[in-house]
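Student: Got a structure for you, written out below as structure tokens; questions coming shortly.
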Amino acid sequence: MKGQIRQSLSGYYDVVTADGAEYRTRARGVFRKRKQSPLVGDWVEFKVEKDGGYLLKIDPRKNQLVRPPIANVDDAIVVSACVEPDFSSNLLDRQLIMLAANQIEPLLYFSKWDLLDADQQAAMQPVIDYYQKYYPVEVACNGAPQKLLHNLQNQVIVVMGQTGAGKSTLLNQLNPDLKLETGEISKALSRGKHTTRKVTLMEIEHNLIADTPGFSSFDLLEISKEDLPNYYPDFVAYRDQCKYRGCLHVNEPHCAVKEAVANGEILKSRYENYLQFHQMILERKPRY
């Protein structure tokens, strides 16, 4: 039979077929020999015997993420807290680069807007307005954020963001029947407790959405310094005006991106994060 892995937990894989039937399966040793690991989101061939179901084959993947461990993702809801924990443009930009490199469409969701005072909102609004020029954006204000899924049908979606940003809260708003556990924030550390223990694809609004563990760092392992600027849509908008083709927007003269930063047309934090990522790639040790 053929189906899609909807849940992974302790070596078991729950597979759902096209007619909606669900089977609990395990992976045979052949996958270890092939150095393959089944992931939630995988389309697989499997068979059911008296002692349970067994995975036989994993179909080719469109993409796969390491954290969260999931395959064949179409879209990602990137949850960024405005406060508690404090907003991190660096983390958000890392997430957006990683998604672009994996051809996953991002939807930005800024949570905990209501916890900001008037001065904090005034400082945060220009940042949100800037990202809205290049990405779909929603801000948590009043009511359930149904508009997030308004234009999506039959998509595999991940919900991502650092621990305590409000991912489980968002999913509970989208589907109150889920009753997902939500963690408390440690104000002293500005970090949350991990509350999600497994990866599961849940049916919400005619889509499959994964509630994934919180995390606060991303590796840029597979990205080259030449590819990095291509994952910034705001840089791409200016690159044709650079003097040199293939401009990396770092040390080159007559760089339109650097001029746009100086003129306030590109967010300064975006460019500073870019320089940090560029340097990280230069210092990365080669893998053989």
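Student: May I ask you to give the solvent-accessible area per residue for the chain, in square angstrom, as obtained with a 1.4 angstrom probe?
Tutor: Accessible area per residue, the chain: 54 Å².
Student: Using only the heavy atoms of the protein chains and a 1.4 Å probe, how would Met202, Met160 rank by accessible area, largest first?
Tutor: Met202, Met160
Student: Also, quick follow-up: If you count the DSSP beta bridges with both ends in the chain, what percent of them are antiparallel, to the nearest 5? Present the calculation step by step, with values, prior to reporting the outcome.
Tutor: Numbers: 31 of 53 bridges.
Antiparallel: roughly 60 percent of the beta bridges in the chain.
Student: Oh, and also: Taking the alpha-carbon distance from Lys57 and a cut-off under 17 Å, which lysines remain once sequence neighbours fewer than 8 residues away in the same chain are dropped?
Tutor: Lys2, Lys33, Lys35, Lys47
Student: Excluding residues on the same chain fewer than 8 positions from Lys167, give the lysines whose Cα lies under 22 Å from its Cα.
Tutor: Straight-line reach from Lys167, under 22 Å: Lys112, Lys147, Lys179, Lys187, Lys193, Lys198.
Student: I would also like to ask the following. Sorted by accessible area (1.4 Å probe), largest first, how do Glu283, Glu138 line up?
Tutor: The ordering from most to least exposed comes out as Glu283, Glu138.
Student: Now, a different point. Tell me which lysines have Cα within less than 29 Å of Lys258's Cα, excluding those fewer than 8 residues away on the same chain?
Tutor: Correct list for Lys258: Lys133, Lys225, Lys243, Lys268, Lys285.
Student: Sorted by packing (mean other beta-carbon atoms within 10 Å per residue), highest first, where do 66-72, 258-264 land?
Tutor: Highest-to-lowest ranking by the protection proxy: 66-72, 258-264.
Student: Report the full-extension gain for the segment Asp114 to Asn151: residue separation times 0.36 nm, less the Cα-Cα distance, to one decimal in nm. Numbers along the way, then the final one.
Tutor: Values: separation 37, 0.36 × 37 = 13.32 nm, distance 2.56 nm.
Gain in length upon complete extension: 10.8 nm.
Student: Given a 1.4 angstrom probe, I'd like the percentage of the accessible area of the chain that is carbon and sulfur, rounded to a whole number.
Tutor: 48 percent
Student: Solvent-accessible area of Val159, probe 1.4 Å, all protein chains present, reported in Å² to the nearest ten, please.
Tutor: 0 Å²
Student: Compute the FRET efficiency between Glu283 and Leu56 as 1/(1 + (r/R0)^6), taking r as their Cβ-Cβ distance and R0 = 45 Å, and round to the nearest 0.05.
Tutor: 0.60
Student: Quote the FRET efficiency, to the nearest 0.05, computed for Ala101 versus Lys198 with a Förster distance R0 of 30 Å and r equal to the Cβ-Cβ distance.
Tutor: 0.70
The values are calculated or read from the model by the stated rules, or taken from the named source; none is laboratory data. From a predicted model like this one, the values you see are computed outputs, not experimental measurements. Glycine also receives a Cβ, built like all others from the backbone with ideal geometry; neighbour counts cover every protein chain displayed. Note: accessible area is taken over every heavy atom of the protein model, side chains too, but ligands, DNA and RNA are not part of it. Shrake-Rupley method; radii C 1.70, N 1.55, O 1.52, S 1.80 Å.
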